[in-house]
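The values are calculated or read from the model by the stated rules, or taken from the named source; none is laboratory data. All figures in this text were calculated on a predicted structure; none of them were measured in a lab. Cβ sites come from the backbone with ideal geometry, for glycine too, and all protein chains shown count toward neighbours. Accessible surface is based on the protein model in full, side chains and every heavy atom, while ligands, DNA and RNA are left aside. Shrake-Rupley method; radii C 1.70, N 1.55, O 1.52, S 1.80 Å.
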Amino acid sequence: MTAQLIDGNALSKQLRAQVAADTAALKAQGLTPGLAVVLVGDNPASQVYVRNKVKACEEAGLHSVLEKYEATMSEADLLARVTALNNDSSIHGILVQLPLPAHIDAQKVIEAISPAKDVDGFHMASAGALMTGMPGFWPCTPYGCMKMLESIGYNLTGKHAVVIGRSNIVGKPMALMLLQQNATVTICHSGTQDLKAMTLQADVIVAAVGKRNVLTADMVKPGAVVLDVGMNRNDEGKLCGDVDFDGVKEVASYITPVPGGVGPMTITMLLVNTLESAQRALSDTH
Ligand code: GUN
């Protein structure tokens, strides 16, 4: 069997067009959704990410501000900037790009963001909302994975989903989202004794470890759906995921490529969350 691709670029294009249309409608009511992106230091990967986030906002008609600071910025100054953005009514989403320099306590900064503007979904209140099924913001990458499953009309009820990775940003929220859709969920991690025994039982596998070839063809049940969140470089310096794509695509029914899979969905869901935040702000004032 050769798996069908779930094309993250095509799905993003469709979802971003909807964001652009909804943004135009909101603007007609006098409100422009606004995202603030804060970058501290000069991490090259972060610079690319924030540029892409701001560009995506512009393309969809959202207002965006990029605040760039020296790596020597103090924690107190950064916290003061977050407070100012919390109080800025033109801003509906605040994103502090991670990683932050070592002298800054990243968790403290995240907790300083108003949960109403936490479009990254990293605040404890957002995590708690996801866990309890209350309204809040979902972290963009696992949210994008859920949209990809939705795009193929996949019904998770009763299915066994295996998540490889337990980060606060992907693995843990991913597991909760799958659970909310009635999947039976297993979370695997570096301490898992027999990963292959787990993945062979899975109808859906999400690989989110950050290591090449974590998932190979012999570990996948025929017909499984495989989502690859990894972002790695192979020996030739080419971008690759956590999944051995060439092998696994012969066994899976659907698979996401890297690049062009989950990656573009992360920024798309950031736009979706920022728009949603602006819509909530408008309904709060009516
Ligand atoms: N660094 C890598 N990915 C992300 C992300 O999704 N959000 C933020 N704030 N920082 C990141």
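Summary of computed values
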| item | result |
| --- | --- |
| Largest-first principal axis extents, alpha carbons of the chain, Å | 52, 41, 36 |
| Part-to-part distance (alpha-carbon centres) for region 139-157 and region 7-77, which is given in Å | 22 |
| Relative intensity, log₁₀ I(q)/I(0), of region 91-162 from a Debye sum that treats every alpha carbon as a point, q = 0.23 Å⁻¹ | -1.05 |
| Gap separating the Cα centres of region 219-243 and region 95-131, nearest whole Å | 28 |
| Most mobile of Asn182, Asn155, Asn86 in a GNM of the chain (Cα contacts under 10 Å) | Asn155 |
| Relative contact order computed over the chain (Cα-Cα under 8 Å; 6+ residues apart), in percent | 23 |
| 3J(HN,Hα) from dihedral phi, region 158-175, Karplus parametrisation 6.51/-1.76/1.60, rounded to Hz, x for glycine, proline | x, 7, 9, 10, 10, 9, 9, x, 10, 6, 5, 8, 10, x, 5, x, 4, 4 |
| Distant-in-sequence amide H partners of Thr184 (H built 1.01 Å from N, under 5 Å) | Gly158, Lys159, His160, Ala161 |
| Equivalent ellipsoid semi-axes - Cα gyration tensor, region 18-118, angstrom | 26, 16, 9 |
| 0 to 90° range, to nearest 10: angle between helix 75-86 axis and the chain longest Cα axis | 80 |
| Proximal lysines to Lys13, defined as alpha-carbon separation beneath 19 angstrom and excluding residues fewer than eight positions away on the same chain | Lys53, Lys55, Lys147 |
| DSSP bridge pairs, region 145-277: antiparallel proportion in percent, nearest 5 | 10 |
| Net charge of neighbours whose Cβ lies under 14 Å from the Cβ of Leu5, counting Lys and Arg as +1 and Asp and Glu as -1 | -3 |
| Per residue accessible area of region 1-138, 1.4 Å probe, in Å² | 50 |
| Reference-scaled alpha-carbon Rg (2.2 N^0.38 Å with N residues) for region 239-285 | 1.78 |
| Amide hydrogen neighbours beyond the local backbone of Val96, cut-off 5 Å, H modeled | Val38 |
| Protein accessible area in the chain, 1.4 Å probe - carbon and sulfur % | 53 |
| Residue-normalised accessible area of region 139-249, expressed per residue, 1.4 Å probe, Å² | 45 |
| Most mobile listed residue (Ala106, Ala217, Ala84) in the chain, GNM with C-alpha springs under 10 Å | Ala84 |
| Cα long-axis angle, helix 44-60 against the chain (0 to 90 degrees, to the nearest 10) | 70 |
| Cut-off under 5 Å, modelled amide H: who pairs with Ser64 long-range | Leu35 |
